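Since every read-out is calculated from the coordinates, none of them should be taken as a lab result. Bear in mind the structure is a predicted one, so any value in this text is a computation, not a measurement. No Cβ is skipped: glycine too gets one built from the backbone with ideal geometry, and neighbour counts run over all protein chains shown.
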Amino acid sequence: MASLIHCPHCGVRPKEEFSIRGDASLVRPDPEASDEAWNDYVHIRSNPRGRYREHWQHGAGCRRWLVVERDTFTHEVFSVTDAAIVKREGSR
Amino acid sequence: MSRTYISRHPLDDLLPLEPGIRAVDHLDIPRSSAIVSVMAMDGEEASVTAGLAASGVVSIRFTGPGELLAVSQSETPESLHRNLSLLLAETAYIVDQSDGRVVFRLSGPNVRRLLAKGIATDLHPAMFEIGASSNVLCGHISVNLARTGENEFELIVMRSFAVALFDDLKVMGREFDLSAGFSVRV
């Protein structure tokens, strides 16, 4: 696993300071959506070999939620962005 | 029914009342410090930082974006809280943390080697400058680390973790014959 994460607020930090929530690309379905759509959203996860976007929380540091884009195979980290910024840019 | 509460330092039972022989590397623990957390309102981060820097009386510790700790050794918790509330009334939320945090002051030539046993962050003088501060993981405990002098660091930790951190620091400092004691009151 990528062992050093470049937190946009705190600088380079070891992965032990973070906790990982999981896939950041999921979109919450409409409340009236089918059971199947909700089942997919809640339970079904892909396990890609390669690029992956995840929510990480810097619990021991700035306590902010971050979106980490990394490669699960080469352990390379492509980008780390504050999740609030990702959300703001996504809704624009 | 009225109750009397006695203010106790969490390390009262672990440290001698009288200061002992002070080694080159020393862990100094102030009996009381005034600490408040400052959380900037949305969009006011820059003006809060500027306002605190202009006031000049407190030392500022970075904890997160828009979130700071203000520490003062000279003021009482009540007066620090009152002063900052007046200063930043329209721009930030101020909450007193004095009883909830414990301050550890490490000084000496071997302090960086001592801290390297628990902290993975780069503390080289050129990377972590005097006045720099940040939340870091020390062992398994999250602390706010600040560099206050050439070879001086201050750790601010949650009160309930103080005993565990103190034990860790003692083990980390054994190699350097680290001494520990409460601050001598002036």
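Table for the structure above
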| item | result |
| --- | --- |
| Burial order of peptide ranges B:163-170, B:15-22 (average beta-carbon count within 10 Å, highest first) | B:163-170, B:15-22 |
| Net charge of neighbours whose Cβ lies under 14 Å from the Cβ of A:T81, counting Lys and Arg as +1 and Asp and Glu as -1 | +1 |
| Kirkwood Rh in Å, taken over the protein assembly as shown so that all alpha-carbon pairs contribute | 21.2 Å |
| Residue-by-residue Karplus 3J(HN,Hα) for region B:115-131, coefficients 6.51, -1.76, 1.60, Hz, glycine and proline x | 5, 4, 6, x, 10, 8, 6, 6, 10, 4, x, 7, 8, 10, 7, 4, x |
| Charge-dipole axis of chain B as Lys and Arg at +1 and Asp and Glu at -1 on Cβ define it, positive-most pick from B:F166, B:A34, B:I60 | B:F166 |
| Size of charge dipole - chain B - debye, nearest 20, with Cβ of Lys, Arg +1 and Asp, Glu -1, no other charges | 460 debye |
| Loop-located GluC sites (Glu not before Pro) in region A:12-60 whose Cβ has at most 10 other Cβ within 10 Å (DSSP) | A:E32 |
| Charge dipole (debye, nearest 20) of region B:34-96; +1 at Cβ of Lys and Arg, -1 at Cβ of Asp and Glu | 200 debye |
| With 5 Å bins from 0: P(r) over chain B, alpha-carbon pairs, percent | 1, 8, 16, 19, 19, 16, 11, 6, 3, 1, 0, 0 |
| Chain A, dipole about Cα centre (Lys/Arg Cβ +1, Asp/Glu Cβ -1), debye to the nearest 20 | 420 debye |
| Set of lysines near B:K117 by C-alpha distance (under 30 Å), chain-local residues within fewer than 8 positions excluded | A:K15, B:K170 |
| Tilt relative to chain B, helix B:45-55 - C-alpha long axis, 0 to 90 degrees, to 10 | 70 degrees |
| Equivalent ellipsoid semi-axes - Cα gyration tensor, region B:35-132, angstrom | 27, 16, 12 |
| In degrees, nearest ten, helix B:77-87 long axis to first principal axis of chain B (Cα) | 40 degrees |
